[in-house]
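K.L.:
Below you'll find the structure I mean.
Laboratory data are not the source of any read-out in this text; all were calculated from the coordinates shown. In this text, all values refer to a predicted model and were calculated from it rather than measured experimentally.
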Amino acid sequence: MVNPLGDLYRAVPSAALVTDWSSIATDFFALARPAISLAAAPPSATLGLVELTRAVESVIDDPSGYVARFEVARQRSVMRAWGDTLYGLSASRYLAAIETLEEQRRTR
């Protein structure tokens, strides 16, 4: 799969993300970078300090293993968020959609 975000996020020095239910997590999912969610099951369950510390230590000790452990869920989340549109041609896709709409408007 082509990285949909190009070099933008590769340039960001962050190797992992600790977040709430922010949509930024989906960017990290697409990049297959470790993401730790503070909210385990919104809105009732959140990670406590002990669980958060363990998760961060797990990422530090074995980032690839951490990502691998959640790979199936990550792929499911990426497909739900973006489907099969992660091939790096979003701008072309949007331009084609705009041109189609403009053509439809002209022919009415």
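K.L.:
Work out, step by step, the length gained on full extension between L38 and Q75: first 0.36 nm times the residue separation, then minus their alpha carbon distance; give nm to one decimal.
P.N.:
Contour length minus Cα-Cα distance gives 11.3 nm.
K.L.:
Rounded to two decimal places and with Rh computed the Kirkwood way over Cα pairs, what is Rg over Rh for segment 17-106?
P.N.:
Checking Rg against Rh, the ratio lands at 1.16.
K.L.:
Subtracting the Cα-Cα distance from 0.36 nm times the residue separation, let me have the gained length for T19 to T107 in nm, one decimal.
P.N.:
26.9 nm
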